[in-house]
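Colleague: Got a structure here, written out as structure tokens. Questions coming.
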Amino acid sequence: MNSQTVMQSPGTKKFPHSQFQGESSPLLHLRHVTCAYHSQHPAVRDISLSVNQGEILCLLGPSGCGKTTTLRAIAGFEKVMIGEIYINGRLVSSPTVHWPPDKRRVGMVFQDYALFPHLCVADNIGFGLNQWEDSQRKSQIHKMIELVGLADLERRYPHELSGGQQQRVALARALAPNPVMLLMDEPFSNLDPDMTIKMRKELYHLLRQTKTTSILVTHDHDEAFAMADQVAVLHEGNLVQCDTPETIYHVPSCPFVAEFVGQADFIPGNIQNGKVETELGAFTNQGGYEGGANVLVMVRPDDLQITKVGAGNARIESRQFRGSENLYAIRLASGRLVHCSASSTEIYDVDAPVGLTIIATHTVLFEHQS
Amino acid sequence: MTVLARQAVLSPLAIFSFGISGLIVLPLLYVVYSAMKADFAIWQRLWSTRIPELFLNTVSLAFGVGIATLTLGVSLAWFITRYEFWGRGFWEWAFVLPLAIPSYVLAYVYTFLLDTGGPLEQAWQVVMGPEAPFFSPYSFIGALMVMTLNTFPYVYLLAKTALQNFNVTFEEAAQATGASQWATIFRVFLPLIRPALVAGLFLVTLYVVSDFGAVSLLRFQTFTYAVYQQITGRYDYAAASILSLLLVSFALIFLLGERWFRRQSRYYQMTGKVRPPTLMPCSVSRSALMTGYCVVVFGMAFALPTYWLVQWTSEAWAENEIGTEFLTYIWNSMVLSGGAATLALVLGTPLAYLACRHPTRLNTLCIQGAYTGYVLPGPVAALALLILFSSIPFLYGTALVLVLAYLIHFLPAGLQSMESAIQQVNPNLEEAAKSLGARSYQAFQRVTLPLVRGGFLVAWILMFLQCMKELPATLLLRPVGFDTLAVRIWLEASEELYQLAAPPALLIVLMTIPVVMLLTRKNWQVG
């Protein structure tokens with residue numbers, strides 16, 4: 001029913017390609033990368049993106065979207081069928097070139113951490129340092145243990161550690177050989193929710209402090225928003241948008257992105273007199289559509305406000321209490337459902353008739369194909 | 001999410017393992033080929049003379065042993081997993097001990113025990129009157145009894161595992177919907193453990209049709225014994241090939257059946273938390289009944305035979321019948337078995353590794369090829385190598401041919417253990433090693449190998465012991481004057497020299513006991 005019409009808010013224009021064409025060459029650069037386990041069904045299709053030194057990129061998407069495949073292609077565990085991958089300006093993957101993982105100097109934190117069960121914490125961390133001189137190796141292991149806060153646990157074995165400690169070991173092990181960048185595959189998925197928030201903060205500070213270029217795979221948009229400089233949203237093997245977290249949220253490139261990164265409703269509208277007329281009222285025509293065109297307006301819960309209670313042609317369908325806010329589902333006269341957030345203390349009865357006011361600062365429009 | 005990297009081109013390792021696999025499959029193909037090209041007259045002659053009898057004997061023995069082991073194994077497992085009776089903890093592990101006695105050792109002890117005037121007949125006639133008829137060991141009943149006592153632990157172990165892993169919540173769920181206790185047993189319990197039982201049944205029948213040692217000593221005509229006789233008595237390789245082909249087909253059916261049902265039983269494995277059954281206390285009389293049952297079965301399958309082996313050995317010792325040649329036999333057995341097991345481990349590693357990590361069609365085919373040893377009973381493997389090597393005089397009749405026979409025959413058992421060891425290593429670990437700069441072989445050496453060491457050691461011990469116990473191929477292929485422990489047992493036992501057969505038999509049993517106990521703690525697959 002819809003296709004993408006990328007909306008750019010002024011000043012935040014950022015195409016994935018715009019960076020490497022500029023002055024400084026990116027640390028990682030993917031050009032039209034396609035990977036496939038079966039040639040008929042590519043796992044990822046035509047992915048292009050680049051990451052600069054010190055940046056954190058999140059690959060975001062639902063399971064099966066190809067984000068892990070992309071990560072594994074960067075690490076060298078998957079070969080590319082079409083396209084090229086450059087690390088530090090050097091071609092490491094193409095249909096004819098394939099550097100093995102051990103030559104890429106890329107650190108990786110696995111989803112299940114993959115700690116060597118037969119080695120203690122120190123030996124796990126020192127695994128990638130066996131070419132180093134003994135004293136250097138020792139001091140690097142020590143440095144890493146300090147960095148991730150695992151002092152006194154050097155002689156423990158992985159099974160004797162908690163989930164959070166295991167993750168720290170995995171991180172220290174990946175960082176120890178001074179990799180050019182760090183890849184992380186759903187690093188928090190094996191932790192319980194309390195721990196996740198804590199480790200997320202820790203990891204964020206550690207990556208910033210060490211200025212580590214990182215790529216993080218996740219299906220959780222909160223995580224992506226909290227960590228990333230850039231978020232690349234993947235959907236069914238395609239890169240649908242690569243932008244800053246703010247742009248992704250406020251100016252999604254397509255309804256899929258809009259819905260994936262937060263609650264979004266889509267209201268049909270029609271361009272009349274330079275305005276988008278909908279049943280909720282008029283929105284500004286930010287897409288530059290011609291008069292008479294049919295469009296969809298993206299409405300986030302915080303774009304609407306309940307103004308009249310007890311009167312109006314909309315009706316409260318349900319209320320979901322979320323602690324810091326109340327999320328109301330509201331049935332419009334047309335039968336369409338929209339969501340509206342209200343403060344934590346604003347409690348209205350279910351079934352009450354209400355009126356809605358638009359308080360959106362910008363409008364996101366998509367083409368409407370019926 | 002773990003995705004195995006694709007193998008783009010044929011690596012040297014893949015070619016190597018293809019070669020090994022070919023080497024192992026070749027003898028089987030050659031037997032099939034010899035059978036096919038044999039004169040049609042030989043087929044006709046066999047068909048009208050030997051085959052009906054052999055077929056009837058083999059099938060009825062396999063069927064009879066299957067029923068008997070199922071009865072024994074399931075009843076024991078049921079008592080042991082559900083009731084708290086005297087010595088339950090002891091019996092739980094004691095019933096794996098019969099696996100430590102090779103079939104020909106059990107058979108030879110029973111030829112003595114059941115013989116006219118033997119201890120069991122005397123005991124029987126004390127109870128039933130002086131002229132009460134008693135069965136001979138050299139009969140269907142004799143073979144049935146020996147094979148049952150030898151193989152019921154397989155069914156027992158499978159049934160015990162199934163019962164212990166059985167999630168009692170299923171039973172409770174059935175009862176909560178209003179099913180009676182009997183309805184629960186028939187509609188929930190039995191259907192859920194049936195695959196494990198059928199798998200055990202096929203395993204036992206495969207074992208019975210492949211057995212040579214017991215049936216040869218009990219002079220019960222089955223296919224394996226007939227193949228041996230064709231080779232040694234008549235030097236008729238064509239006829240032997242035909243009988244072998246039929247035997248292999250039989251074995252294949254049972255093997256595939258076992259595999260199929262085992263896979264079924266995996267579907268029934270419960271995921272998540274399983275609440276095991278609790279033990280029911282029982283009255284003194286019930287307890288006595290169950291203990292009595294256990295004592296009788298254990299006595300017949302293990303205690304009595306072992307007692308006689310010890311008795312005869314001490315007699316032989318007292319009469320100075322154990323000479324230095326006994327040490328030679330031990331040395332021969334050790335060197336041969338150790339060499340074969342080591343070779344199998346080295347050659348099997350690439351096969352197992354590729355099949356686990358790069359399951360391409362070719363690699364899977366290679367490991368399937370290596371598993372053909374399962375359907376090659378000893379006499380058939382020996383026949384194949386005899387035919388193949390009779391044209392290579394400088395190898396014919398050397399220990400090397402024997403090592404090759406062991407390799408073909410026992411690599412599958414080792415491979416199974418090696419494969420599961422590799423499978424237990426998370427492939428992410430190797431990838432982690434590579435992401436930290438290790439080359440493929442370094443990743444294998446520094447991460448995989450230390451982690452699979454235990455499993456590989458088990459594989460080696462398993463193959464070593466099976467080689468020690470191997471009888472038919474050793475009898476047929478050994479160099480002149482080169483005797484092993486197993487061969488000595490069989491030769492002395494054939495002459496009814498019980499005392500001389502006992503020391504090597506006792507030695508093998510004593511060596512096998514710790515291994516059986518070690519293996520059954522993790523895995524019931526012992527042979």
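Colleague: Quick one: which residue in B:Glu496, B:Glu492 is of a type in the set (D, E, K, R) and assigned to a loop (DSSP other than H, G, I, E, B)? Spell out the reasoning first.
Modeller: Details: B:Glu492 fails: assigned to a loop (DSSP other than H, G, I, E, B).
Exactly one of B:Glu496, B:Glu492 is of a type in the set (D, E, K, R) and assigned to a loop (DSSP other than H, G, I, E, B), namely B:Glu496.
Colleague: Are there helices (runs of 4 or more DSSP H) fully within the stretch A:217-287 with at least 1 residues that are out of contact with any strand residue (DSSP E or B) (no Cβ under 8 Å at 6 or more places or on another chain) and more than 21 Å from A:Glu55 (Cα to Cα)? List them.
Modeller: On the way: elements: A:221-227, A:245-250, A:255-260.
Of the helices (runs of 4 or more DSSP H) lying wholly inside the stretch A:217-287, those with at least 1 residues that are out of contact with any strand residue (DSSP E or B) (no Cβ under 8 Å at 6 or more places or on another chain) and more than 21 Å from A:Glu55 (Cα to Cα) span A:255-260.
Colleague: For residues that are touching a Pro at 6+ places or on another chain (Cβ under 8 Å) and either more than 13 Å from every other protein chain (Cβ to nearest Cβ) or at positive phi (or both), tally how many sit in the stretch B:416-442.
Modeller: Total meeting the criteria: 1.
Colleague: B:Gly87 - would you say it is away from chain A (no Cβ under 14 Å) and on the phi > 0 side of the Ramachandran plot? Please lay out each step first, then the result.
Modeller: Numbers: away from chain A (no Cβ under 14 Å): yes; on the phi > 0 side of the Ramachandran plot: yes.
Judged against the criteria, B:Gly87 is a match.
Colleague: Taking B:Arg234, is it touching a Phe, Trp or Tyr at 6+ places or on another chain (Cβ under 7 Å), over 19 Å from B:Leu72 (Cβ atoms) and of a type in the set (D, E, K, R)? Give the derivation first.
Modeller: Details: touching a Phe, Trp or Tyr at 6+ places or on another chain (Cβ under 7 Å): no; over 19 Å from B:Leu72 (Cβ atoms): yes; of a type in the set (D, E, K, R): yes.
The answer is no for B:Arg234.
Colleague: To continue, here is another question. Going through the stretch B:221-247 one residue at a time, which ones are within 16 Å of B:Val59 (Cβ to Cβ) and crowded, with 24+ Cβ neighbours inside 10 Å?
Modeller: Our first condition is that a residue be within 16 Å of B:Val59 (Cβ to Cβ); within the stretch B:221-247, this holds for B:221-226, B:243, B:246-247.
Those that are within 16 Å of B:Val59 (Cβ to Cβ) and crowded, with 24+ Cβ neighbours inside 10 Å: B:Thr222, B:Phe223, B:Thr224, B:Tyr225, B:Ala226, B:Leu243, B:Leu247.
Colleague: Further question: What are the pairs, 6+ residues apart or on separate chains, where a residue within the stretch B:443-458 that is more than 9 Å from chain A (Cβ to nearest Cβ) and under 19 Å from B:Gln416 (Cβ atoms) has its Cβ under 8 Å from a residue that is of a type in the set (Val, Ile, Thr) and not in a helix (DSSP H, G or I)?
Modeller: Sorted first by the residue in the stretch B:443-458, then by its partner, the pairs are B:Thr448/B:Val425; B:Val452/B:Val425.
Colleague: Only one residue in B:Gly87, B:Gly142 is under 26 Å from B:Val516 (Cβ atoms) and surrounded by fewer than 18 Cβ atoms within 10 Å (Cβ to Cβ), so which one is that?
Modeller: On the way: B:Gly142 fails: surrounded by fewer than 18 Cβ atoms within 10 Å (Cβ to Cβ).
Of the residues listed, the single one that is under 26 Å from B:Val516 (Cβ atoms) and surrounded by fewer than 18 Cβ atoms within 10 Å (Cβ to Cβ) is B:Gly87.
Colleague: Farther than 30 Å from A:Tyr37 by Cα, touching a Phe, Trp or Tyr at 6+ places or on another chain (Cβ under 8 Å) and exposed (fewer than 15 other Cβ atoms within 10 Å of the Cβ): which single residue out of B:Thr342, B:Thr324, B:Thr291 fits that description?
Modeller: Exactly one of B:Thr342, B:Thr324, B:Thr291 is farther than 30 Å from A:Tyr37 by Cα, touching a Phe, Trp or Tyr at 6+ places or on another chain (Cβ under 8 Å) and exposed (fewer than 15 other Cβ atoms within 10 Å of the Cβ), namely B:Thr342.
Colleague: B:Thr49: polar (S, T, N, Q) and surrounded by 15 or more Cβ atoms within 10 Å (Cβ to Cβ), yes or no? Explain how you work it out, then say what you get.
Modeller: On the way: polar (S, T, N, Q): yes; surrounded by 15 or more Cβ atoms within 10 Å (Cβ to Cβ): no.
So B:Thr49 does not fit the description; no.
Colleague: Right, something else. Under 7 Å between Cβ atoms, which residue pairs at least 6 apart in sequence (or on different chains) link something in the stretch A:127-149 that is free of Cβ contacts under 8 Å to residues at least 24 places away in the same chain with a partner that is not in a helix (DSSP H, G or I)?
Modeller: A:Arg137/A:Gly126
Colleague: If you check every pair at least six apart or on different chains, which have Cβ atoms under 8 Å apart with a residue in the stretch A:190-207 that is in contact (Cβ under 8 Å) with a residue 40 or more places away in the chain first and a residue that is assigned to a loop (DSSP other than H, G, I, E, B) and β-branched (Val, Ile, Thr) second?
Modeller: Listed pairs, sorted by first residue: A:Leu206/A:Thr212.
Colleague: Okay, moving on. Filter the stretch A:62-104 for residues that are assigned to a loop (DSSP other than H, G, I, E, B), hydroxyl-bearing (Ser, Thr, Tyr) and within 12 Å of chain B (Cβ to nearest Cβ) and give the result.
Modeller: A:Ser63, A:Thr96
Colleague: Ok, one more. Any residue at all in the stretch A:48-61 that is within 12 Å of chain B (Cβ to nearest Cβ) and either in contact (Cβ under 8 Å) with a residue 12 or more places away in the chain or in a helix (DSSP H, G or I) (or both)?
Modeller: Initially, the stretch A:48-61 is screened for residues within 12 Å of chain B (Cβ to nearest Cβ), giving none.
Taking every residue of the stretch A:48-61 in turn, none turns out to be within 12 Å of chain B (Cβ to nearest Cβ) and either in contact (Cβ under 8 Å) with a residue 12 or more places away in the chain or in a helix (DSSP H, G or I) (or both).
Colleague: While we're looking at this one, here's another question. Can you go through B:Thr151, B:Thr116, B:Thr169 and tell me which one is under 24 Å from B:Thr205 (Cβ atoms) and of a type in the set (Ser, Thr, Tyr)? First the steps, then the outcome.
Modeller: On the way: B:Thr116 fails: under 24 Å from B:Thr205 (Cβ atoms); B:Thr169 fails: under 24 Å from B:Thr205 (Cβ atoms).
B:Thr151 is the lone residue from the list that is under 24 Å from B:Thr205 (Cβ atoms) and of a type in the set (Ser, Thr, Tyr).
Colleague: Is it true that A:Pro193 is modelled with pLDDT under 90, over 12 Å from the mean Cα position of the chain (by Cα) and surrounded by 24 or more Cβ atoms within 10 Å (Cβ to Cβ)? First the steps, then the outcome.
Modeller: Values: modelled with pLDDT under 90: yes; over 12 Å from the mean Cα position of the chain (by Cα): yes; surrounded by 24 or more Cβ atoms within 10 Å (Cβ to Cβ): no.
For A:Pro193, the condition - modelled with pLDDT under 90, over 12 Å from the mean Cα position of the chain (by Cα) and surrounded by 24 or more Cβ atoms within 10 Å (Cβ to Cβ) - is not met.
The values are calculated or read from the model by the stated rules, or taken from the named source; none is laboratory data. Note that the structure is a prediction, hence the values are computed from the model and not measured. Counting neighbours? That spans all protein chains shown, and the Cβs are built from the backbone with ideal geometry, glycine included.
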